[in-house]
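See structure below.
The values are calculated or read from the model by the stated rules, or taken from the named source; none is laboratory data. Please read these numbers as outputs of a predicted model, since none were measured by experiment. Don't worry about glycine lacking a Cβ; one is built from the backbone with ideal geometry, like all the others, and counts go over all protein chains shown.
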Amino acid sequence: MMSEVVVAIDGPSGSGKSSVSKGVAAEFDLDYLDTGAMYRAITWFMLTAGVDLAEPEAIAALADRPTLVSGMNPSEPTISVDGTDVSEAIRSTSVTGAVSAVSAVPAVRERLVTLQRAAVTQAAKAGRGIVVEGRDIGSVVLPQADPKVYLTADPQVRAQRRAAENQASARGTQDVAATEESLRNRDAADSSRKASPLQLAVDAHVVDATELTLPQTIAAVSDLVANVIGSNPADLQSP
Ligand code: DC
């Protein structure tokens, strides 16, 4: 069925993955899973539980503890931890500053990868396709995804966009230089960690959004999705 397409969108912080993924999901009526939000939610849980983030064993010991539930509607994605909606709380500077340390712990990644694959299976059982965004979706979590997109943009452009987003939502820093430094630090940590670093899947399509507006980027990714759907006529839904 057309709706069972699985789209992987990976890329560094601030590349526009969330806006693009939600836009593409809305266009094709697909579910949407933000795996970064899952890493943020488990980080929120660790901070709230008072875990010492300098102790990977302490993080690993609690990795299976919280119940995480992701709402997969692209127009209103949600995430809860043990029944508490943390959709807003996971965007705080304290979570943003701690998430690379938590997401580098293999036990955390194992737990979340299992949940991510289960979400895709659940969508498929309901006859729905899905857009999954993250850092290792095409390379590790869903190697069967098609299309795989690697969305990127120059660091200065990513920082400007992220700072403007922060200003619009009145959260996080609005200082472009500070945002760029934070993005570069997170890129370095996410790309150099041992467990599933940010990496380009061999069969990923690179979309560089440096010179593109959001609608142009959504259109570029939508073309890739349309190609996949169109390349397998048996998958097209009957009218
Ligand atoms: O996309 P984001 O900024 O909300 O992601 C938050 C953090 O989670 C990011 O620093 C890296 C981590 N992450 C990850 O390790 N693997 C993923 N699939 C998604 C995010």
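Here residue 152 passes the criteria (1) in contact with a Gly (Cβ under 9 Å, 6 or more places away or on another chain); (2) without any contact (Cβ under 8 Å) to a residue 60 or more places away in the chain; (3) not aliphatic (A, V, I, L, M) except the one numbered (2).
When you look at residue 188, is it within 14 Å of the ligand (Cβ to nearest atom) and at pLDDT 95 or above, yes or no? Full working, then the answer.
Working: within 14 Å of the ligand (Cβ to nearest atom): yes; at pLDDT 95 or above: no.
Here the answer is no, as residue 188 does not meet what is asked.
If you check 26, 37 for being of a type in the set (A, V, I, L, M, F, W, C) and touching a strand residue (DSSP E or B) at 6+ places or on another chain (Cβ under 6 Å), only one passes: 37.
If I ask for residues that are hydrophobic (A, V, I, L, M, F, W, C) and either free of Cβ contacts under 8 Å to residues at least 60 places away in the same chain or in contact with a Pro (Cβ under 9 Å, 6 or more places away or on another chain) (or both), which ones from the stretch 81-101 would you list?
Going residue by residue through the stretch 81-101, those that are hydrophobic (A, V, I, L, M, F, W, C) are 81, 86, 89-90, 95, 98-99, 101.
81, 86, 89, 90, 95, 98, 101, listed by residue number.
Return only the number of the condition from (1) in a helix (DSSP H, G or I); (2) within 13 Å of the ligand (Cβ to nearest atom); (3) over 17 Å from residue 13 (Cα atoms); (4) touching a residue at least 60 places away in the same chain (Cβ under 8 Å) that residue 194 does not satisfy. The number of the failed condition is (1).
Per the conditions (1) within 17 Å of the chain's Cα centre (by Cα); (2) outside any loop (DSSP other than H, G, I, E, B); (3) within 11 Å of the ligand (Cβ to nearest atom); (4) touching a residue at least 60 places away in the same chain (Cβ under 8 Å), the sole criterion not satisfied by residue 182 is (1).
Residues are listed down the side, and each one gets a yes or a no for (1) in contact with a helix residue (DSSP H, G or I) (Cβ under 7 Å, 6 or more places away or on another chain); (2) surrounded by 16 or more Cβ atoms within 10 Å (Cβ to Cβ); (3) not β-branched (Val, Ile, Thr):
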| residue | (1), (2), (3) |
| --- | --- |
| 182 | no, yes, yes |
| 187 | no, yes, yes |
| 202 | no, no, no |
| 207 | yes, yes, no |
| 213 | no, no, no |
| 222 | yes, yes, yes |
| 225 | yes, yes, no |
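The set of residues in the stretch 144-172 that are assigned to a loop (DSSP other than H, G, I, E, B) and crowded, with 16+ Cβ neighbours inside 10 Å comprises 145, 147, 153, 172.
When the residues of the stretch 21-35 are filtered to those that are buried (at least 20 other Cβ atoms within 10 Å of the Cβ) and more than 12 Å from the ligand (Cβ to nearest atom), the one that is farthest from the chain's Cα centre (by Cα) is 30. If a residue has to be among the hydrophobic types (A, V, I, L, M, F, W, C) and out of contact with any strand residue (DSSP E or B) (no Cβ under 6 Å at 6 or more places or on another chain) to count, how many in the stretch 135-152 make the cut? So the count comes out to 2. Within the stretch 74-93, is even one residue among the basic types (Lys, Arg), surrounded by fewer than 23 Cβ atoms within 10 Å (Cβ to Cβ) and within 26 Å of residue 180 (Cα to Cα)? Checking the stretch 74-93: at least one residue is among the basic types (Lys, Arg), surrounded by fewer than 23 Cβ atoms within 10 Å (Cβ to Cβ) and within 26 Å of residue 180 (Cα to Cα).
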